[in-house]
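Input: a single structure, listed below in structure tokens.
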Amino acid sequence: MSPTEVPGDPLAPPSPADDRPLLKVTGLTKSFGASRVLDGVDLSVRRGEVLVLIGPSGSGKTTVLRSLNGLETPDAGVVDFDGGPSLDFSSRVSKADRAALRDRSAMVFQHHNLFPHRTVLQNVIEGPVHAHRVPKAEAIARAEALLDRVGLTEKRDAFPFQLSGGQQQRVGIVRALALRPQLLLFDEPTSALDPELVGEVLVVLKELADEGWTMVIVTHELGFARQVADEVLFFDHGVVVERGAPKQLFTAPREERTRRFVDRIL
Ligand code: ADP
């Protein structure tokens, strides 16, 4: 589907699930000063698959997401998106290639990052209209359909401060979906919410997973991870210590470090 079409179901992903990897990352490495925060991370995601990244704070999970979304430039590593050029960060990656990489995904942050002085609708159409040059009427139609789908129609003209934290985060998700990215990245999307608001956001994420969106999610909600993940990667000190299906990784981890982490959280 072209990015300018209004989809039948606004929650439907731009392309259906299949077995080809949508994204393959090899040897992702990043240091900040003398501190190496990613040390050769490999991962791959097929279309329609949900990958969940878990691990202690500071283990590098957010840096992986930010590298995929062009917010950080890795020192080394190869990123292949299906249909795009292979980007090898150990040599210079052009500005155009970095911009193309950034456009393939949309990120939902821990704090929703909505523009405070714009309405919900204005926040949602900002990216499609200004970055993707979608005609305004079409962007509004798509935004309204998405807001309806997540139960926020009557908040269309509200400002972010007039919404609860859970509603703000749902708008943040709608804003990402409105860009019709191939890949959705979530960085601890519920960790800034009061406990009673976590559920309404996780419900939306679960629906997106069921609709077949390809997602990489950083979360400490291991119960949720168990429900939605196709694969879980456990990070510690910038490396993937263990990866596997959620059932195996949570109930019978192979590595002692994974077991200690999971036991502490579950
Ligand atoms: P996680 O998401 O697992 O909590 P992060 O990827 O956020 O981990 O951080 C990994 C490490 O990198 C941490 O030690 C963090 O302090 C450091 N770090 C992240 N971003 C920066 C930055 N812009 N400058 C310096 N250090 C950073």
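Read-outs: derived from the displayed coordinates by stated rules, not from any lab. Since we're looking at a predicted model, the values are computed, not measured. Here the Cβ is made from the backbone with ideal geometry for all residues, glycine too, and neighbour counts use every protein chain on show.
Which value in Å is the Kirkwood Rh of the chain over different Cα pairs?
Result for the chain stands at 18.9 Å.
Give me Ser91, Ser164, Ser59, Ser86 ranked fewest to most by other Cβ atoms within 10 Å of their Cβ, as a rough exposure proxy.
Ordered by Cβ neighbours within 10 Å, fewest first: Ser91, Ser86, Ser164, Ser59.
Pairs of Cα atoms under 8 Å, at least six residues apart: use those to get the relative contact order of segment 1-131, whole percent.
Relative contact order comes out at 20 percent.
What ranking do 201-207, 168-174, 227-233 get when scored by the average of other Cβ atoms within 10 Å per residue, highest first?
168-174, 227-233, 201-207
Regarding segment 126-266, what are the three Cα extents along the principal axes, ordered largest first, in Å?
54, 31, 26
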